[in-house]
Amino acid sequence: MKNKILFLFVGLLFVVSCGKEEKQENSNIKNPVEITIEHKYSLNDTFKVFYSKDINAPIDGTSEMTTQVIGTDGFQKTTFVLPIGDYPKVIRLDVGNNQDAESIEIKGIQITHGDAIIDNSDWITTTNWAPNNSLVVDTKSPNMYKIVPVDGKKGPVFMSNIVVNEKLNKYFKGK
C-alpha cells in the first residue's frame with residue numbers, strides 16, 4: 001500500500017512540475033531577450049549589438065540594434081532589448097565609434113530572457129566575451145581596455161565566445 005501511495009505521489013509531482021515548466025516556457029515566449037552591459041565610458045557615443053539567429057551563419061548586419069550612451073565617470077548599464085521572438089545564437093557588441101575614445105572599463109555583460117539568466121559574465125570570475133584588436137587589456141586591471149586604432153581607425157568590439165554561443169544555442173534550441 002505504501003508503494004502505491006509513493007508511486008502516486010511521485011507521478012503527481014512529475015505532472016505538476018511538467019505543467020509548471022511548460023507554463024514558464026510559454027510565458028517566456030512573450031519576453032524579449034535582453035543584453036545588458038555594465039561599463040564605465042567617459043564619452044557620448046553609440047553602442048551597437050549585431051546578432052545572428054543561426055549559430056552557423058555569420059553576422060551580416062541584418063539583425064542590429066543601436067543605442068546612445070551618455071558618457072559618465074561612474075559605472076552605468078546599457079541594455080539592448082531584442083524584438084520578441086528574436087533568439088540570438090551569436091552576438092557582437094560594438095562599444096563605441098567615437099575616435100576620441102581612449103578606454104572602456106567593463107564590469108559585466110549579462111544576457112537574460114524573462115527570469116532566466118543565460119549568461120552572466122561578471123569580469124571578475126567569468127569573461128565569455130572576446131575583444132577584438134582595437135581593445136587592449138590593461139595588465140594592471142583585466143576589466144579595463146585601452147581603445148587603440150587598427151588600420152587607422154578605432155572600432156572596439158566584443159564577440160560572444162564559444163561558451164556564450166553554446167549557452168544561447170542550448171537555451172533557444174528549436175527556436
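The values are calculated or read from the model by the stated rules, or taken from the named source; none is laboratory data. Quick caveat, the model's predicted, so the values are computed rather than measured. All Cβ positions, glycine included, derive from the backbone under ideal geometry; neighbour counts span all protein chains shown. We work out accessible area using only protein heavy atoms, side chains counted, and drop any ligands, DNA or RNA first. Shrake-Rupley method; radii C 1.70, N 1.55, O 1.52, S 1.80 Å.
Looking across region 31-50, just one residue is closer than 17 Å to residue 174 by Cα, open to solvent by 10 Å² or more (accessible area, probe 1.4 Å) and out of contact with any Gly (no Cβ under 7 Å at 6 or more places or on another chain), and that is 32. If we scan region 11-26, do we find a residue that is on the phi > 0 side of the Ramachandran plot and at pLDDT below 95? No, every residue in region 11-26 fails to be on the phi > 0 side of the Ramachandran plot and at pLDDT below 95.
The condition (being at pLDDT below 95 and either over 17 Å from residue 69 (Cα atoms) or β-branched (Val, Ile, Thr) (or both)) is satisfied by just one residue among 140, 167, 146: 140. Screening region 150-175 for residues that are touching a residue at least 60 places away in the same chain (Cβ under 8 Å) and assigned to a loop (DSSP other than H, G, I, E, B) and picking the one that is surrounded by the fewest Cβ atoms within 10 Å (Cβ to Cβ) gives 175. When restricted to residues that are part of a loop (DSSP other than H, G, I, E, B) and not acidic (Asp, Glu), region 49-99 contains 25.
Residues in region 70-93 that are loosely packed, with under 14 Cβ neighbours inside 10 Å and among the aromatic types (Phe, Trp, Tyr): 75 only. In region 94-140, the residue that is nearest to residue 157 (Cα to Cα) out of those that are among the small types (Gly, Ala, Ser) and open to solvent by 40 Å² or more (accessible area, probe 1.4 Å) is 130.
Out of all the residues in region 100-149, which are of a type in the set (Gly, Ala, Ser) and assigned to a strand (DSSP E or B)? Those that are of a type in the set (Gly, Ala, Ser) and assigned to a strand (DSSP E or B): 103, 108, 116, 121, 130, 141.
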